[in-house]
Structures are given as C-alpha cells and as structure tokens.
Amino acid sequence: MAKIQSVRGTHDIVGAAAAGHRNVVEVARNCAHRYAFGDIDTPIFEFTPVFARTMGEGSDVVRKEMYTFTDRGGEDITLRPEFTAGICRAFISGGMQQDLPLKFFAHGPAFRYERPQKGRLRQFHQIDAEILGVKEPGADIEIIALGAEILHDLGVLDRCVLDLNTLGDHDSRQAYREALVTYFSDHRDRLSEDSVDRLDRNPLRILDSKDEGDRAIINDAPLMADYLNPASQDFFATVCEGLNVLGIACNLNQRLVRGLDYYTHTAFEFVTDALGAQGAVIAGGRYDGLIEMLGGPATPGIGWAGGIERLAMLALHMPQPDRPIALVPLGITAEPMALRLCHALRRDGFMVDMGFRGDISRRLKRANKLNARAALILGDDEIAKGMITLRDLDDGSQQDVALDAVAAHLRKLVT
RNA sequence: GCGGGUGUAGCUCAGUCGGUUAGAGCGCUAGAUUGUGGAUCUAGAGGUCGGGGGUUCAAUUCCCCUCACUCGCCCCA
C-alpha cells in the first residue's frame, strides 16, 4: 500500500466516462426542463437528523451505511445518501410553502458506506426529480412520464421495464402490513433466516426476497390489491390510466415495496437485466408523510432518483464529441501571431487546441490524437505570404487562406 | 456484515509444477521523414510481479494477514 490510491468505492471519472456521465446529466436536465422542472442544488451534507429522522434512528441504514462525522464545531453531519430528504429540508427551511406546487430537478454525488459491487459505489451520482405539493395522481403520472422520457432520450428505454405498484394510503398500507405479518408468522418456521429477521424489522421486504424457499411462501401471501380501500384503488387506477394514455408500458408488480412508513400510493422502478444484481436505473415513489416527519407543514410529494453510473453503462452510444481545430505555430516569429489568432478564434466560438511545444510532426501527431478536424499551420513561409496553411486532417488537402478569412473557412468544416 | 474470483509494464493479459537477466500485444519515446498527422518498418524507455509477514539455501510462484478490484448475498433512503 505504498502507492497512494483512491478511497474504496470511489472512482475518477475521466475521458469517455466523463463524457458518458455528462451526457446522462444533460439529457436528463434538458428533458426535465421541457417538463417545466426547475433546478435545485442542495448541499452535499446536512445535519444528520435530516436523513436519520426519516429512516429511523436505529435502522441499519442509519447506523452503518451513512457517512456520518462530527465536524470541528461539534456538529453531527452526514454526507447526503440521497436527494429527497435534502430537497424537502430546503423546502421547509426556505419557506417555499407559498410557492407550491414545486417541481425540482437535481443531480450530483451521493454517498453510502456499502460494500462496492457492480453499479454500486460509495460515492456515486444521481439525477433526481421531485414534485412537491400535489396530492393528485397527475403528479405520479408526470414524474413517471419524465423518467420514461429521459430513458427514451438516452436510447435505453427499450432495455428497461417499468415495474409499478401501489402501497395505498396510510390506512390501506397498515392493514396490509398486519395481514402480511399474520401470514408470514404462520409460516415462520419455513422462512429463511433473513426473512425471519425481516418479519420483525421490515415485513414488506420479505416480498422481494431472493431465497427459493421464501418464494414459494410468498406466492400464496396476501396481495396488496386486496387491502386497498376504495380511495386508494381509485388513485391507482387513475395513475395506470394516465400511463396508458401516454403509451407507457408497465408491469404491475405486487412485490415491489418500500420499507418506510412515509411512503404511500405509487411505487415504481425502471429496471434492466443488463447490469447484474443492481438492476434499478430509476426508482421512486410517493412520500406524502415525509415533509411532515421532517417538521414541515403536511405536504405531499413524489419523486425518483436515477443512478448516473448505471444509466451511463446502459447508454452505450453517445453523441460524437465536438472536434477541435489544431493551431500549429512554427518558429518564434509565429508564436505571438498564433497566440493572438488562437484567442480570436476561441472568442469566435471555435474549439482550438494549440500545443505548447514540439516541431510540426509532433504537433500534427497530437492534433490527430485529439481527433482535430483541421490544422492551421503558421510558419515563416506563411508569414512571408501573409497567409496561413489550412490542412484538412480528414482528407489531407491543404490550402493557403488569408488570416482574416480563417474563421469563414473553419465554419464550413466544423458545422 | 457474509461468501466466491482476481491483483504481473501506462492499458489488456501470458508465464514461473519455487532456481541466474519476468514476456507479448496495444500505448509511449526516438529514428526512417531536419515544414506535415493517420499506415509501415527499426530501435528504445518503462516492472520493488498490490503491500506486510512466514516457510525455504532461494518466493513473483507455497502459507498467513492486509489493501484494492470484481461477482453474488445482506441492505437499499
């Protein structure tokens, strides 16, 4: 370990990975803006209770999976493990109640102290969308539609399936939970060790157990649909109808659950089988109880988060990066002239790279490596003529161009 | 937190049933081409064989520990 290395579960995002990353963010943001979502950027750390209160102080997640530390002032701080809680805190502390409804788009890093595996890092990156203050199912429809549209724009929608479920309102959910506990308690002796554990801690999670033996028991478990009160049924029906109107295919998955009490009604995940065990690329749901739990005015909310790394892995095809122009000065007379021209072209909007050293051969090699569209060569010969050599690096043709006509010529090459 | 796999050049990987100077391809540098990139040819640089400890006359190779990556479980806000 003599060599210095990055912290476990962190990655440097460079080159093609950086381009893929940025592509996901830009596509998502463009899309969100078309849906009239505004940008929000909250701090990447918050007072620990912002996250801990909503999760339950004693939960595994809070105790073992957050980056929590005491800062120099003695404050209990946590790096954000997700976006929703911070955005809700911003909503509360910014006094935005009077601006409801609000639609937010955010992106950036998040942190979880977990064992890294494919599609799961300790510092990872998310895109995030939230709608606050809308109790109607229209918000559910819009937030899901936005997710689907982003996947479409990234060219990955056809490799994803939308899993959809409802947890019903608070009462429905409670009734179902009790029914599940009763049912699974009767089969306690046949459940896997993990699921026996879940029975006390988080019974809904038994439903997505991967254990073979559990599966058989789960097949005969009570279904959420049978415990929905009429209002919850209507709500969900409206959501499904809206998706149908928009032509968004979905798979009703009664095993799709959320563990925490503030979740109500719609839960959804866009999943893929192309990424191994971490298959959810965009996941979210309605959290009507969350803001109140954080000490704010009772305000409904719904949102989702999407993993940028996972989306970038899926979105293999990327828009071709812009190609630069290489400026090649030869000799000390040319240097200051080239410097001036370089500046002028850049101000004019061209992407220009001028090497810092080397002869013409070396500089053209670099131009080639940068995938430059053309090279501008300025040496004594050109200076004597009052021209500059414009070399097309795709076909190798060259022509002399007057200095004041360079921009016009380049514009034809770089569309 | 639990289990499997893997760590050898900048990258992708061979290899050593323990034995002098550890290999390839790609990449890099230089030259063929002193004002012309890509292709080709030639030469060169680049490795404490992830780190620490143990066994041994001798360890990159065997053993233990550790770190990291990777696949799955757990968890999933």
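The values are calculated or read from the model by the stated rules, or taken from the named source; none is laboratory data. What you are looking at is a predicted structure, and each value in this text was computed from that prediction instead of being measured. Counting neighbours? That spans all protein chains shown, and the Cβs are built from the backbone with ideal geometry, glycine included. For the accessible areas, the whole protein counts, side chains as well, though only heavy atoms, and no ligand, DNA or RNA atoms are used. Shrake-Rupley method; radii C 1.70, N 1.55, O 1.52, S 1.80 Å.
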- For A:ALA277, are the conditions met, namely being under 26 Å from the mean Cα position of the chain (by Cα), more than 25 Å from A:VAL134 (Cα to Cα) and within 12 Å of RNA strand B (Cβ to nearest atom)? yes
- Query: Of the residues that make up the stretch A:22-41, is at least one without any contact (Cβ under 8 Å) to a residue 24 or more places away in the chain and within 10 Å of RNA strand B (Cβ to nearest atom)?
  - Reply: no
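When you scan the stretch A:194-203, do you find a residue that is among the aliphatic types (A, V, I, L, M) and free of Cβ contacts under 8 Å to residues at least 12 places away in the same chain, even just one?
Taking the stretch A:194-203 first, the residues among the aliphatic types (A, V, I, L, M) are A:196, A:199.
Pick out the ones that are also free of Cβ contacts under 8 Å to residues at least 12 places away in the same chain and you get A:196.
Yes, there is a match, as at least one residue in the stretch A:194-203 is among the aliphatic types (A, V, I, L, M) and free of Cβ contacts under 8 Å to residues at least 12 places away in the same chain.
Regarding A:GLN233, is this residue more than 30 Å from A:ALA372 (Cα to Cα) and among the polar types (S, T, N, Q)?
Details: more than 30 Å from A:ALA372 (Cα to Cα): yes; among the polar types (S, T, N, Q): yes.
For A:GLN233, the condition - more than 30 Å from A:ALA372 (Cα to Cα) and among the polar types (S, T, N, Q) - is met.
Starting from residues that are more than 18 Å from the chain's Cα centre (by Cα) and open to solvent by less than 10 Å² (accessible area, probe 1.4 Å), keep the ones in the stretch A:128-155 and report whichever is nearest to A:HIS265 (Cα to Cα).
A:ASP140
Any chance you could count how many residues in the stretch A:101-127 are open to solvent by less than 40 Å² (accessible area, probe 1.4 Å) and assigned to a strand (DSSP E or B)? Steps first, answer last, please.
The first filter runs over the stretch A:101-127 and keeps only residues open to solvent by less than 40 Å² (accessible area, probe 1.4 Å), leaving A:102, A:104-106, A:108-111, A:114, A:119, A:121-122, A:124-127.
Those still in the list that are assigned to a strand (DSSP E or B) too: A:102, A:104-106, A:108-111, A:124-127.
Total satisfying the criteria: 12.
Restricting the stretch A:261-273 to residues that are in contact with a Phe, Trp or Tyr (Cβ under 8 Å, 6 or more places away or on another chain) and within 10 Å of RNA strand B (Cβ to nearest atom), which is farthest from A:GLY119 (Cα to Cα)?
Pass one, the stretch A:261-273, residues in contact with a Phe, Trp or Tyr (Cβ under 8 Å, 6 or more places away or on another chain): A:262-266, A:268.
Now drop any that are not within 10 Å of RNA strand B (Cβ to nearest atom), which leaves A:262-263.
Working: A:TYR262: 27, A:TYR263: 25 Å.
This residue is A:TYR262.
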- Kindly indicate whether A:ARG346 is more than 13 Å from RNA strand B (Cβ to nearest atom), over 40 Å from the mean Cα position of the chain (by Cα), open to solvent by 10 Å² or more (accessible area, probe 1.4 Å) and of a type in the set (Lys, Arg). no
- Message: Scan the stretch A:352-360 and tell me whether some residue there is away from RNA strand B (no atom under 13 Å from the Cβ) and aliphatic (A, V, I, L, M).
- Response: yes
- Here is a list of conditions, (1) without any contact (Cβ under 8 Å) to a residue 60 or more places away in the chain; (2) over 24 Å from the mean Cα position of the chain (by Cα), and A:LEU100 meets all of them except one; can you say which number that is? (1)
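Would you confirm, using the coordinates I've provided, whether A:LEU256 is touching a residue at least 12 places away in the same chain (Cβ under 8 Å) and part of a helix (DSSP H, G or I)?
Against the criterion (touching a residue at least 12 places away in the same chain (Cβ under 8 Å) and part of a helix (DSSP H, G or I)), A:LEU256 does not qualify.
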- Query: Restricting attention to the stretch A:307-338, which residues are under 18 Å from A:ALA375 (Cβ atoms) and hydrophobic (A, V, I, L, M, F, W, C)?
  - Reply: A:ILE325, A:ALA326, A:LEU327, A:VAL328, A:LEU330, A:ALA334, A:MET337, A:ALA338
- Under the condition of being free of Cβ contacts under 8 Å to residues at least 24 places away in the same chain and part of a loop (DSSP other than H, G, I, E, B), which residue from the stretch A:280-333 is farthest from A:TYR263 (Cα to Cα)? A:ILE332
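One line per residue, one yes/no per condition, for (1) open to solvent by 60 Å² or more (accessible area, probe 1.4 Å); (2) farther than 23 Å from A:THR415 by Cβ; (3) more than 8 Å from RNA strand B (Cβ to nearest atom); (4) in contact (Cβ under 8 Å) with a residue 40 or more places away in the chain:
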residue	(1), (2), (3), (4)
A:PRO336	yes, yes, yes, no
A:ARG340	yes, yes, yes, no
A:PHE350	no, no, yes, yes
A:ARG362	yes, yes, no, no
A:ASP394	yes, no, no, no
A:VAL401	no, no, yes, no
- Message: Taking the criterion of being within 42 Å of the chain's Cα centre (by Cα) and within 7 Å of RNA strand B (Cβ to nearest atom), would at least one residue in the stretch A:377-391 satisfy it?
- Response: yes
- May I ask you to list the residues in the stretch A:265-279 that are open to solvent by less than 30 Å² (accessible area, probe 1.4 Å), touching an Asp or Glu at 6+ places or on another chain (Cβ under 7 Å) and at negative phi? A:THR266, A:PHE268, A:GLY279
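Scan the stretch A:116-127 for residues that are of a type in the set (S, T, N, Q) and under 12 Å from the mean Cα position of the chain (by Cα) and jot them down. Before you say what the answer is, go through the steps one by one.
We begin by selecting, within the stretch A:116-127, every residue of a type in the set (S, T, N, Q); these are A:117, A:123, A:126.
Selection gives A:GLN126 alone.
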